[in-house]
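A.B. asks: Sharing a structure below in structure tokens format, with a few things to ask.
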Amino acid sequence: MANQIGDFFAPYPHARRVEGVRNHLRNYWDPRMREAFFEYLDATGGPDVHEHVKEAAALVRADTAPVRAYAGPPKQLDATS
């Protein structure tokens, strides 16, 4: 399922692609789903998981801020994104 989300955001520039997956994982996945996904990545390295999805998962893990209400498409991060 994580790769399907990654596929949806694949046409975006890299930074927006990662941010879109991160937003989806944070805002729509139940915490138990996220934890199971993180455990899978820890146990296997996620050989079948897209790299931008792994990057997004790492951002979700590192983010200790509460989930924000915004759940729309990825926002423009900067002029190079």
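Every number here is computed from the coordinates shown, using simple stated rules; none is lab data. Quantities reported herein were computed from a predicted structural model and do not represent experimental measurements. We place every Cβ from the backbone using ideal geometry, glycine too, and count neighbours over all the protein chains shown.
A.B. asks: Fewest to most neighbouring Cβ within 10 Å: what's the order for HIS52, HIS14? Don't skip to the end; give the middle numbers.
C.D. replies: On the way: HIS52 21, HIS14 12.
In order of increasing Cβ crowding within 10 Å: HIS14, HIS52.
A.B. asks: May I ask you to sort MET1, MET33 by Cβ crowding, counting other Cβ atoms within 10 Å and putting the fewest first?
C.D. replies: Values: MET1 8, MET33 13.
Least to most surrounded, the residues fall as MET1, MET33.
A.B. asks: Over every pair of different alpha-carbon atoms in the stretch 2-62, take the mean of 1/r and invert it; report that Kirkwood radius in Å. It would help to have the intermediate numbers written out before the result.
C.D. replies: Working: mean 1/r = 0.0882 Å⁻¹.
Averaging 1/r across every pair of different Cα atoms and inverting gives 11.3 Å.
A.B. asks: How large is the dipole of the stretch 2-62 about the Cα centre if only Lys and Arg carry +1 and Asp and Glu carry -1, each at its Cβ, rounded to the nearest 20 debye?
C.D. replies: Values: 8 positive and 9 negative charges, 51 e Å.
Approximately 240 debye in magnitude.
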